[in-house]
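Trainee: Supplied in structure tokens, the structure appears directly below.
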Amino acid sequence: MKTYTEEDLKRILSDRLTLPRETQDQWARTCRTIQESAGVKHASEKKRRFPAKRLILVAALVGMMGCAAAAAALATDTDFYEAAFGDKSRSSIEAHEVTDPVKKTTRLAPEKQQAGLDTETAETWLKDVLFDEPVTRQMDGYTLTVLGGVEDLKGQNGRLYFSLSKEGGFKNELQQNYYWRESVVPGVSFSLMEQNEDGTDTIGRNIFSGACYLDEEKTDGDTAYLVLTYALPRGYETTPEKTLCMTLSAEEGDPKRLLVDLPSDLSLTENRYFKDSETGGGSVLLSPIGLSYATIAFRYADTEKAGIILEFNDGSQYVVTDGTSMNVDYGYQSQNGRNILCFNRIVDPDQMAAIRINGRRCVLDDHPMWDQN
Amino acid sequence: MTARLVRQAQAGDGDAFVSLMSQYKIDMYKVAKGILGNETDVADAMSETLLLAFEHIKDVRRPEYFKTWLIRVLINVCKDMLKEKKRCGVTDHILDRGAPDTAQENVEFLELLAVLEPKSRILMMLYYGIGFNSRQIAALLGMKSSTVRTGLRRAREQLKMELERQEAGT
């Protein structure tokens, strides 16, 4: 009996073929048309080189090609930098009382100061954060396009940038200055799941803890641009394959879920280790987008010293958090006792003089020989 | 070389564009053949893809991904042609085994396609023929990468069963 081995399949399907004569002739004719039209300088003249019917067909085909190709023009790396780490995408917020729409509890949200984007630092540390092939999925009139992302795997945090459009537009539904992922787009929530390794389509476990906000600069009534800022629980920081899950709540029946597999090659940031200079007992893992540290090593008795401050070589500071402000996009305390903070701006680890955590000063350690955990 | 041609083509150089596309002509043929089957449709799809690629090559942000972008355009053209044929009541996926003067190197290729189901053809072609991995194929076809892996496994099983069935029938 005839059989095909893996090698047979690869050889037969990858071997060079000879195009049938008619196919070759049609190819050559189309190439000539293109070469001729390329020689025409003016666009109007160029269009006339193509028969009207062909132009209509091309336009129709472009319209039907799907959102993925079109999505490539939707955002640039700078759009991402600005959305995730700039001050144009959202405004600074004064301290105010907020109500969790799900738990119905209220709390006082501390002030939050945004900083202008440091484009040079972003370019240096976060190159190529947008996917070359934006991934688009549709469901029930919604179109979700994942545009890009960056992760600090060691520091267990990341950012994801995506757009969501809705047939008929969002009108005034979108919520600004909300940081719960269930409330930015009413009726829609987002989560990050671990993909199953066994190749089945059933969804894996939720590995996401984080927040979501609108890129207010780019968002309009038809398309919302959103940033997910997230922390990865310990153990999942090396999970390369993740799925973005959008859940639509339903008035009747089960909620519907739209799944988007994320590329495993998210841009990764580097880290620097900082060590407690007084006791040597605690270490901080810093990246341009966040930091993590063991809480037990930095417990404080004096509440006046509570807070985290980054000190730069030029004397400037970034007050990450203190008693009155919380200048991060998300904070998370992991089960193994590490605090993970997602910065609301980009920082240059190479320009850091020290990090102060609850009054303890940590300086760069060039020889981190210990396990940071 | 490819990156230079992409940049020249983006600047409007028609000759560079044609040189660039000639590198991918055979891959395009294989993909279109895997989806459409019929030689006339394959030739039309390749021509339309040429025109679309020329119109939109400026959208390519990174030249190293030009091939992926091009194959995506081709797949979308092929899908649209299948939709149109279906709308007109024409049965799709009929595999044209080629004219009597089909080149010898194509015979084995066409024999293999003939025993594959239409859905399996495109997966096998992209995986074995073009060399994309399951993640790239998933992005191209708009499905989960796990679905692609499952589809490839089923395609291999289906191929084996079909060959057994043919053997039993002879």
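The values are calculated or read from the model by the stated rules, or taken from the named source; none is laboratory data. None of the values given here were measured: they were computed from a predicted structure. As a convention, Cβ positions derive from the backbone with ideal geometry for all residues, glycine included, and neighbour counts pool all protein chains shown. Accessible surface is based on the protein model in full, side chains and every heavy atom, while ligands, DNA and RNA are left aside. Shrake-Rupley method; radii C 1.70, N 1.55, O 1.52, S 1.80 Å.
Trainee: For A:LYS127, go through the lysines and keep the ones whose alpha-carbon is under 19 Å away, minus same-chain ones fewer than eight residues off.
Mentor: A:LYS154
Trainee: With just the Cα atoms defining each centre, how far is region B:1-57 from region A:336-364? Give it in Å.
Mentor: 50
Trainee: Under a 10 Å cutoff between Cα atoms, tell me which one of B:VAL115, B:VAL148, B:VAL107 has the largest fluctuation in the Gaussian network model of chain B.
Mentor: Its mean-square fluctuation being the largest, the pick is B:VAL107.
Trainee: Taking all protein chains as present, what is the carbon and sulfur share of the accessible area of region B:103-170, in % to the nearest whole number, probe 1.4 Å?
Mentor: The value for region B:103-170 is 50 percent carbon and sulfur by accessible area.
Trainee: At the nearest 100 Å², what buried accessible area, both sides summed, do you get for B and A when the probe is 1.4 Å?
Mentor: Buried: approximately 5800 Å² between A and B.
Trainee: Same structure, new question: Hey, got the average number of other protein chain Cβ atoms within 10 angstrom for residues in B:45-52?
Mentor: 5
Trainee: Using the Karplus equation 6.51 cos²θ - 1.76 cosθ + 1.60 (θ = phi - 60°), what ³J(HN,Hα) coupling, rounded to whole Hz, does each residue of region A:321-331 give in order, writing x for Gly and Pro?
Mentor: The phi angles translate into 7, 8, x, 10, 10, 9, 8, 10, 8, 6, x Hz.
Trainee: Cα centroid distance between region A:137-155 and region B:132-170, in Å?
Mentor: Cα centroid to Cα centroid, the span is 27 Å.
Trainee: Pick from B:SER120, B:SER19, B:SER134: which is most flexible by mean-square fluctuation in a GNM of chain B where alpha carbon atoms under 10 Å apart are linked?
Mentor: B:SER19
Trainee: Please list, in order along region A:111-116, the HN-Hα scalar couplings obtained from phi with the Karplus expression 6.51 cos²θ - 1.76 cosθ + 1.60 (θ = phi - 60°), rounded to whole Hz, x for Gly and Pro.
Mentor: Karplus-based 3J(HN,Hα) across region A:111-116 equals 5, 9, 9, 7, 10, x Hz.
Trainee: Continuing with the same structure: Add -39500 (n - 2.57) for each DSSP H run of 4 or more in chain B, then divide by its residues: what number comes out at 222 nm, to the nearest 500 deg cm²/dmol?
Mentor: My calculation for chain B gives -24000 deg cm²/dmol from helical runs alone.
Trainee: May I pose another question? Amide H neighbours of A:ASN157 under 5 Å, at least 5 residues apart or on other chains, H built in the peptide plane: list them.
Mentor: Those lying under 5 Å, H to H, from A:ASN157 are A:ASP152, A:LEU232.
Trainee: Let me ask another. Tell me which aspartates and glutamates have Cα within less than 20 Å of B:LYS85's Cα, excluding those fewer than 8 residues away on the same chain?
Mentor: Qualifying aspartates and glutamates at Cα under 20 Å: B:GLU39, B:ASP41, B:ASP44, B:GLU48, B:ASP96, B:GLU117.
Trainee: Then there's this: Given springs between every Cα pair under 10 Å in a Gaussian network model of chain B, which of B:ARG156, B:ARG87, B:ARG72 has the largest fluctuation?
Mentor: B:ARG87
Trainee: I've got another one for you. Quick one: accessible area per residue over region A:111-157, 1.4 Å probe, rounded to a whole number of Å²?
Mentor: 35
Trainee: Would you please give the residues with an amide H less than 5 Å from that of A:VAL320, counting only those at least 5 places away or on a separate chain, with H modeled from the backbone geometry?
Mentor: Result for A:VAL320 returns A:ILE308, A:ILE309, A:LEU310.
Trainee: Enumerate the amide H contacts of A:THR219 below 5 Å, restricted to partners 5 or more residues apart or on another chain; note that Pro and chain-start residues carry no placed amide H.
Mentor: A:TYR225
Trainee: Per residue of region B:144-149, in order, report the coupling 6.51 cos²θ - 1.76 cosθ + 1.60 (Karplus, θ = phi - 60°) as ³J(HN,Hα) in whole Hz, putting x for Gly and Pro.
Mentor: 6, 5, 5, 5, 5, 4
Trainee: Which of the lysines could a cross-linker bridge to A:LYS10, judged by Cα under 25 Å and excluding same-chain residues fewer than eight apart?
Mentor: The qualifying lysines are A:LYS2, B:LYS25, B:LYS30, B:LYS33, B:LYS67, B:LYS79, B:LYS119, B:LYS144, B:LYS160.
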